[in-house]
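K.L.:
Supplied in structure tokens, the structure appears directly below.
The values are calculated or read from the model by the stated rules, or taken from the named source; none is laboratory data. Since we're looking at a predicted model, the values are computed, not measured. Please note: Cβ atoms are built from the backbone with ideal geometry, for glycine as well, and neighbour counts cover all protein chains shown. Note: accessible area is taken over every heavy atom of the protein model, side chains too, but ligands, DNA and RNA are not part of it. Shrake-Rupley method; radii C 1.70, N 1.55, O 1.52, S 1.80 Å.
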Amino acid sequence: MAYLRWVLGRLTAAALTMTGVSILIFAAVRAMPGRYSDLVLGPLATSADKAEAARRFGLGGSLPEQYGHWLLNAVQGDFGISMASRSPVSAEFAARLPVTLTLTGLALAFTVLIGIPLGVWTGTRGKGGGRAGRLIGSLGLSVPEFVLGSLVVFLFTRYSLGLTVGEYVPWSEGPLRSALSLLLPACVLSVFCVAAVARTTRDAVLGVLVEPHIAAAVARGESVSFIVRHHVLRNASIPVLTLTATLSAYLLGGAVIVERLFNAPGLGSFLVDGLDRRDYAVVQTGVLLSAAVFITTNLLIDLICGLVDPRISALAGKARS
Amino acid sequence: MRRSTVIACSAVLSAALVSCSSPASQGGQDRAGKQEKPGFLTVADDSLTGRGSLTVQLDYDSVEADGVNPQTASSARSWMLGSLVYEPLVTIGPGFEIKPLLATAWKQPTPTRYVFTLREGATFSNGRAVTADDAVGSLRRLLKSKGPYVGQLGPVESVTASAPGEVTVELSKPYTPFLAALANTPAAVLPMKEIEDGSLDVTKEMLGSGPFTVREHRQDRGWTFAKNAKYRDADRVDIEELKVEIVPQEAARLAAVRNGTSGFAFFNNVDSIDQLSGTRNAKVVNQNNSDFYYLIQNSRNPKSPLADRKIRFALNSALDRQQMADVALGGQARPTGVTPVVLPGACDPADLPGARAADDAKAALKAAGAENLTLRLAVYTSEPALGQIAQVIQQQYAAVGVTVEIEKLDDSTYNERVFAPKADFDMAIGWFAGYVDAAMVSRWWNPVVAGFSAGFIGDDKELDELIDSASAQPAGDARERTLREVCDRVDTNAEMLPLVTRPGAIGLRTDKVSPTLYANEGFGNILRNVTDFTLPAAK
């Protein structure tokens, strides 16, 4: 019952956060200087032309009216019309979302499949592992995506290294080919996350390894791999899971740069163009979607953490009472 | 151990950087601007017999408030894409001369009357013949529209179909750039019958007499054009399908030319010329544009030192345009006055009053009581060259004791700050399309005509008269003298100062396409001669 109350509390907080984000982004994009109608009409247009265009693009009416209208439609799945493409934002997102999902999904898979084993390996290998972990962590965390991405684009277009750049294959032509076409950008996108997860995992493993129950397991003569699987991983998983949730939002943000560099037709370019052009419906939907992904992932991680370590939900329940 | 790791990492990084920079060391500047024959950067190889698809990559898509309506198109990108489908009566040759297109000939019986003979056999892509009524209706529709290009057509009084296949345009007074203005996409001949009967909405669909039809358009992703089977010279056009991909990132377009994904790409960063040099089967050329960058010194803020003409002129004298061209634009640009330097009859930028007073800039500033000035310089980020030019100006002004703080703004913020009725900036850099007649762009120096410049430049009646005279005088020595006076007056006022031309780098794959490209371009149309492009035969 306490767990259920805790879950309901988290769901309510998530819903309130989403509402707050919607108000914030709606106000923020309108507080930015310039409007779409001004930008596309250019400096030669008169103020009457601009006013007429603003009305045509649905930018008339008071801000609360516009917000209410947008929110009401948004909860019904209608996110408005992109002023630049003159097509429904939901259709534009649907066309681009598979690219970004594949890209971030691949990057997240690399993060988990490489970062966690690497962190465990460096955390259980003493001094040598520590040096290797620090080196990998420092390099991965310090090289910006646009630098690494530019280098990869250059090398893979200058020399025949087996993978092509800039040729996205849609899902409809084969999911495997589609994933392969995004392999290079996903690798670039995941480098920072792999390094961060490896480093956090290593620190968590080191923290658990000095616990008395590990010493007891060693005294019982249990093998290192058994100790790692049964005693270390579960206890070290909480900070790693939390970090992975945070990185999911980071991956969405990083995808903007990587998609542009590798010419992948995902949401990144669409959102950047939308922001530059003050295409309000596009930006609002993009931010709302990112917030939803971030909040949902965090919520799921909270729930998983609560299951992995029941003390968390119990402590949260006690703190409220 | 730690030191050896650092050394090993440094060696790997150095090797990577050296491999990245090696092509640049091969230069490419000479090759980039070299003309294959007078007036042409490249000429299509007629011995190639291939037919098929060509992929072109551009940095941004056409975005217009009125959709794909060619008449209200306001950007060079829209003009270029529109030119694949639509045709005006006349076009531009390699030396900026007027050439026939939908009109095979024209006469000018009086200084204010033009009579065009329409091409026989020209049809729209739906198969209907182009008639004089289409040409008359299109021009009348354009004149009635609120399109930004209307003003360039000059004082048109009437447009009539004077005989079958003949169109007469009457001006209220002589206007020399009339034919030049007519040679651009907004003045294209539209299928007026279909527009008037409501079967065609030109804001949503494109239907013209040009070499291509639109098969698909996805905003900001790309266009697919198919060869117009009804085009009069369809047999001569080797490109069956023209894919225009929108790839905003310069590095991605470079990559596409390197690996052959794209056969033809536009670059707005001149560094790309060096970065493509040495790539197998790749060639890069620099097309000179009449477009040019300008610096605004806002004279309309009475509290600003820039309200004082003497200070503005002294600052103008401190500008070294050649250095801007060399440092900021890799030597691929040319200093210019108001009359774009690539156009016939342009004034000599080295002979402008500011250039002649270059040695006195610091003393002139001191004499005007302007010492230890700090000025804000606004640029927008979608055009990388603006930031580079701003840095050179910052250094040049620093040499005369003026501190420049560069503000990098996105396009919307820049527009709101600079083009608002009450402009909020000290200085700003932008660029103008230079068009194909020296008098066309000079209109922007009359704030009453331009409108957008009223917030930062004053109305100089004498200059307005000079601009009007240059528009009305027939080509010749007298007109060139007037244009020189326009240049001098603008330079002395020092409110909106032309700086250097805007280069356009084009990268192409020789194993994918053999294009014809003019050495100089006036409307930013890198696909102007696309019907002449030839393709290698498939292997």
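K.L.:
Which ³J(HN,Hα) values in Hz, rounded to whole numbers, follow from the phi angles of the stretch A:186-200 under the Karplus curve 6.51 cos²θ - 1.76 cosθ + 1.60, where θ = phi - 60° and Gly and Pro get x?
P.N.:
Per-residue couplings from phi come out as 5, 4, 4, 5, 8, 4, 4, 5, 4, 5, 5, 5, 4, 5, 5 Hz.
K.L.:
Note down the Stokes-Einstein diffusion coefficient of the protein assembly as shown in µm²/s, whole number, using a Kirkwood radius over alpha carbon pairs, 20 °C, and 1.002 mPa s.
P.N.:
Values: Rh = 30.2 Å.
Answer, rounded: 71 µm²/s.
K.L.:
Also: Taking Cα centroids, how far is the stretch A:189-203 from the stretch B:500-539 in Å?
P.N.:
Answer, in whole Å: 47.
K.L.:
Ranked highest first by the average count of other Cβ atoms within 10 Å around their residues, in what order do A:217-226, B:411-420 fall? Could you put the intermediate results ahead of the total?
P.N.:
Numbers: A:217-226: 11.3, B:411-420: 20.3.
Listed from highest to lowest mean packing, they are B:411-420, A:217-226.
K.L.:
Can you give me the accessible area per residue for the stretch A:188-236, using a 1.4 Å probe, in Å²? Each step should come with its number before you reach the end.
P.N.:
Details: 2410 Å² over 49 residues.
For the stretch A:188-236, the solvent-accessible area averages 49 Å² per residue.
K.L.:
Something else: In nanometres, what is the gap between the two model label sites at B:Asp197 and A:Leu101, each 7 Å from Cα along Cα-to-Cβ?
P.N.:
Each label point is offset 7 Å from its Cα along the Cβ direction, giving 4.6 nm.
K.L.:
Largest first and in whole Å, what are the equivalent-ellipsoid semi-axes of the stretch B:393-539 based on the Cα gyration tensor, each being the root of 5 times an eigenvalue? The partial results should precede the final answer.
P.N.:
Values: eigenvalues 240, 117, 45 Å².
The equivalent ellipsoid of the stretch B:393-539 has semi-axes of 35, 24, 15 Å.
K.L.:
Most fluctuating residue of A:Leu161, A:Leu261, A:Leu16 in a GNM of chain A with Cα springs under 10 Å: which is it?
P.N.:
It is A:Leu161.
K.L.:
Let me ask something else. Under 5 Å between amide hydrogens, which residues at least 5 positions from B:Thr42 or on another chain qualify, with H placed 1.01 Å from N in the peptide plane?
P.N.:
Counting only residues 5 or more places away or on other chains, the set is B:Glu36, B:Leu517.
K.L.:
In peptide A:133-146, how many Cβ atoms from other protein chains are near each Cβ within 10 Å, on average? Write down the numbers at each step before the final one.
P.N.:
Values: counts 0, 1, 4, 0, 0, 1, 1, 0, 0, 0, 1, 0, 0, 2.
Going residue by residue through A:133-146 and averaging, the value is 1.
K.L.:
Taking H as built 1.01 Å from N, whose amide H comes closer than 5 Å to the amide H of B:Val130, not counting residues under 5 places away?
P.N.:
Close amide H contacts, sequence-distant or interchain: B:Ala122, B:Thr123, B:Phe124.
K.L.:
Next question. Could you please put B:Asp459, B:Asp238 in sequence from largest to smallest accessible area, using a 1.4 Å probe?
P.N.:
On the way: B:Asp459 60, B:Asp238 20 Å².
Greatest to least solvent exposure: B:Asp459, B:Asp238.
K.L.:
Continuing with this model, one more query. Need one number: nm distance between label points at A:His69 and B:Lys310, each 7 Å from Cα along Cα→Cβ, rounded to one decimal.
P.N.:
That separation, rounded to one decimal, is 5.6 nm.
K.L.:
Counting partner chain Cβ atoms within 10 Å of every residue's Cβ in B:215-226, what's the average?
P.N.:
Details: counts 0, 0, 1, 5, 8, 10, 7, 1, 0, 0, 0, 0.
Per residue, the number of nearby Cβ atoms from other chains is 3 on average.
K.L.:
At a 10 angstrom cut-off on C-beta neighbours, averaged per residue, how do the peptides B:286-296, B:343-353 rank from highest to lowest? Can you show the working numbers first?
P.N.:
Working: B:286-296: 24.1, B:343-353: 18.5.
Peptide ranking by packing, descending: B:286-296, B:343-353.
K.L.:
Show me, for the stretch B:273-286, the HN-Hα J-couplings you get by feeding each phi into the Karplus relation (A = 6.51, B = -1.76, C = 1.60, θ = phi - 60°), rounded to Hz, glycine and proline as x.
P.N.:
4, 6, 5, 8, 4, x, 7, 4, 6, 10, 9, 10, 10, 10
K.L.:
Counting each DSSP H run of 4 or more residues in chain A as -39500 (n - 2.57), what helix-only mean residue ellipticity at 222 nm follows after dividing by all residues, to the nearest 500 deg cm²/dmol? Walk me through the intermediate numbers first.
P.N.:
Numbers: 16 runs with 246 residues, N = 321.
Roughly -25000 deg cm²/dmol at 222 nm, from the helical runs in chain A.
K.L.:
Is there a pair in A:Lys50/B:Lys227; B:Lys144/B:Lys227; B:Lys99/B:Lys173; B:Lys303/B:Lys362 whose C-alpha atoms are over 30 Å apart, and which pairs would that be?
P.N.:
Values: A:Lys50/B:Lys227 37 Å; B:Lys144/B:Lys227 32 Å; B:Lys99/B:Lys173 23 Å; B:Lys303/B:Lys362 22 Å.
Violating the 30 Å limit, Cα to Cα: A:Lys50/B:Lys227; B:Lys144/B:Lys227.
K.L.:
When you look at the Cβ of every residue in B:59-66, what mean number of other chain Cβ atoms sits within 10 Å?
P.N.:
Values: counts 0, 2, 3, 0, 9, 4, 15, 4.
That average works out to 5.
K.L.:
Among residues other than B:Leu101 whose Cβ falls under 9 Å from its Cβ, what is the net charge (Lys/Arg +1, Asp/Glu -1)? Walk me through the numbers before you get to the answer.
P.N.:
Values: positive: B:Lys99, B:Arg119; negative: B:Glu87.
It works out to a net charge of +1.
K.L.:
Over the stretch A:41-182, what portion of Cα pair distances is larger than 27 Å, expressed as a whole percent?
P.N.:
Numbers: 5504 of 10011 pairs.
It works out to 55 percent of all Cα pairs.
K.L.:
Test of the criteria: in the stretch A:140-210, which chymotrypsin sites (Phe, Trp or Tyr not before Pro) are in a DSSP loop and have at most 14 other Cβ atoms within 10 angstrom of their Cβ? Numbers along the way, then the final one.
P.N.:
Values: sites: A:Phe146, A:Phe154, A:Phe156, A:Tyr159, A:Tyr168, A:Trp171, A:Phe192; in loops: A:Tyr159, A:Tyr168.
Sites meeting the loop and neighbour criteria: A:Tyr159.
K.L.:
Using helices alone, what [θ] at 222 nm do you get for chain B, with -39,500 (n - 2.57) per DSSP H run of 4 or more residues, divided over all residues and rounded to the nearest 500?
P.N.:
Here the helix-only value at 222 nm equals -8000 deg cm²/dmol.
K.L.:
Over the stretch B:220-307, average the accessible area per residue using a 1.4 Å probe and give it in Å², no decimals. Intermediate values should be presented prior to the final figure.
P.N.:
Numbers: 2800 Å² over 88 residues.
Normalised by residue count, the accessible surface of the stretch B:220-307 is 32 Å².
K.L.:
If you don't mind, there's one more thing I want to ask. Given chain B, what whole percent of its Cα pairs are spread farther than 34 Å? Could the numbers behind the result be given before it?
P.N.:
Numbers: 60301 of 144991 pairs.
Value for chain B: 42 percent of Cα pairs lie more than 34 Å apart.
K.L.:
List the accessible area buried at the contact between A and B, summed over both sides and calculated with a 1.4 Å probe, in Å² to the nearest 100.
P.N.:
Summing both sides, the interface buries roughly 3500 Å².
K.L.:
Taking the alpha-carbon distance from B:Lys37 and a cut-off under 20 Å, which aspartates and glutamates remain once sequence neighbours fewer than 8 residues away in the same chain are dropped?
P.N.:
By straight Cα distance, B:Lys37 reaches B:Asp45, B:Asp46, B:Glu97, B:Glu521, B:Asp532.
K.L.:
Here is a further query. Label points 7 Å out from Cα along the Cβ direction at A:Thr242 and A:Ala48: separation in nm?
P.N.:
With each label point 7 Å from Cα toward Cβ, the separation is 6.2 nm.
K.L.:
Just want to confirm a number: the relative contact order over chain B, from Cα pairs under 8 angstrom separated by 6+ residues, in percent.
P.N.:
Relative contact order comes out at 22 percent.
K.L.:
Here is a follow-up. For B:Gly330, enumerate residues with amide H under 5 Å from its amide H, sequence gap 5+ or separate chain, H modeled in the peptide plane.
P.N.:
Under 5 Å from the amide H of B:Gly330: no residue qualifies.
K.L.:
If you don't mind, another one. Report the relative contact order of the stretch B:444-539, percent, no decimals, based on alpha-carbon pairs under 8 angstrom and at least 6 residues apart. Walk me through the numbers on the way to the answer.
P.N.:
Working: 64 pairs, mean separation 17.1, N = 96.
That works out to 18 percent.
K.L.:
Residues with beta-carbon under 14 Å from that of B:Asp220, excluding B:Asp220: net charge, scoring Lys, Arg +1 and Asp, Glu -1? Mind showing how you got there, number by number?
P.N.:
On the way: positive: A:Arg86, A:Arg96, A:Arg260, A:Arg277, B:Arg77, B:Arg218, B:Arg221; negative: A:Glu92, A:Glu259, A:Asp273, A:Asp276, A:Asp279, B:Asp59, B:Asp61, B:Glu64, B:Glu216, B:Glu245.
Charge balance near B:Asp220 sits at -3.
K.L.:
Through the Karplus equation 6.51 cos²θ - 1.76 cosθ + 1.60, θ set to phi - 60°, convert the phi angles of the stretch A:114-131 into ³J(HN,Hα) values in whole Hz; use x for Gly and Pro.
P.N.:
9, x, 5, x, 5, x, 5, 4, 5, x, 10, 10, x, 5, x, x, x, 5
K.L.:
Let me ask something else about it. Quantify, in whole percent, the carbon and sulfur part of the accessible surface of the protein assembly as shown (1.4 Å probe; protein heavy atoms only).
P.N.:
Carbon-and-sulfur percentage of accessible area, whole number: 58.
K.L.:
Restricting to the protein assembly as shown, compute how many DSSP beta bridges are antiparallel as a %, nearest 5. Could the numbers behind the result be given before it?
P.N.:
Numbers: 58 of 78 bridges.
Looking only at bridges with both residues in the protein assembly as shown, the antiparallel portion is about 75 percent.
K.L.:
If you take the charge dipole of the stretch B:439-505 about its Cα centre, with +1 on Lys and Arg Cβ and -1 on Asp and Glu Cβ, which of B:Pro503, B:Ala450, B:Cys487 is farthest toward its positive end?
P.N.:
Comparing the listed Cα positions along the dipole, B:Pro503 ranks first.
K.L.:
Continuing with this model, one more query. Would you please state which residues of the stretch B:265-299 a label at B:Asp45 would reach in this model, taking the label point 7 Å out along Cα→Cβ and a backbone N cut-off of under 14 Å?
P.N.:
Within reach of a label on B:Asp45: B:281-283.
K.L.:
A further question follows. Rounded to the nearest 0.05, what FRET efficiency do B:Glu205 and B:Lys144 give with R0 = 25 Å and r taken as the Cβ-Cβ distance? Could you check?
P.N.:
Working: r = 21 Å, r/R0 = 0.82.
About 0.75, to the nearest 0.05.
K.L.:
Place the peptides A:263-271, B:229-237, B:516-524 in order of packing, highest mean first, counting for every residue the other Cβ atoms within 10 Å and averaging per peptide.
P.N.:
Values: A:263-271: 25.8, B:229-237: 13.3, B:516-524: 22.8.
So the order, starting with the most tightly packed, is A:263-271, B:516-524, B:229-237.
K.L.:
Restricting attention to the stretch B:130-224, which GluC sites (Glu not before Pro) occupy a DSSP loop and are surrounded by at most 16 other Cβ atoms within 10 Å?
P.N.:
Values: sites: B:Glu157, B:Glu166, B:Glu170, B:Glu194, B:Glu196, B:Glu205, B:Glu216; in loops: B:Glu205.
Sparse-neighbourhood loop GluC sites (Glu not before Pro): B:Glu205.
K.L.:
Same structure, new question: Give the calculated FRET efficiency between A:Arg229 and A:Leu139 to the nearest 0.05, with a Förster radius of 30 Å applied to their Cβ-Cβ distance.
P.N.:
Numbers: r = 29 Å, r/R0 = 0.96.
Here the calculated transfer efficiency is 0.55.
K.L.:
Given a Förster radius of 60 Å and the C-beta distance between B:Ala358 and A:Lys127 as r, what FRET efficiency does 1/(1 + (r/R0)^6) yield to the nearest 0.05? Working shown, then result.
P.N.:
Numbers: r = 66 Å, r/R0 = 1.10.
For B:Ala358 and A:Lys127, the calculated efficiency is 0.35.
K.L.:
Please state the shape class of chain A: rounded when a/c is under 1.5, otherwise prolate if a/b exceeds b/c and oblate if not, all from the C-alpha gyration tensor.
P.N.:
Numbers: a/c = 2.85, a/b = 1.54, b/c = 1.84.
Since a/c reaches 1.5 but b/c is at least a/b, the shape of chain A is classed as oblate.
K.L.:
Further question: Just to be sure I follow: if Rg is taken over the C-alpha atoms of the stretch B:38-132 and Rh is the Kirkwood radius over the same atoms, what is Rg/Rh? Present the calculation step by step, with values, prior to reporting the outcome.
P.N.:
On the way: Rg = 16.8 Å, Rh = 16.7 Å.
Reported Rg/Rh (Cα atoms, Kirkwood Rh): 1.01.
K.L.:
Find how much the distance from B:Val448 to B:Gln322 grows on full extension, using 0.36 nm per residue of separation minus their present alpha carbon separation; answer in nm with one decimal.
P.N.:
Working: separation 126, 0.36 × 126 = 45.36 nm, distance 3.16 nm.
Fully extending the segment from B:Val448 to B:Gln322 adds 42.2 nm.
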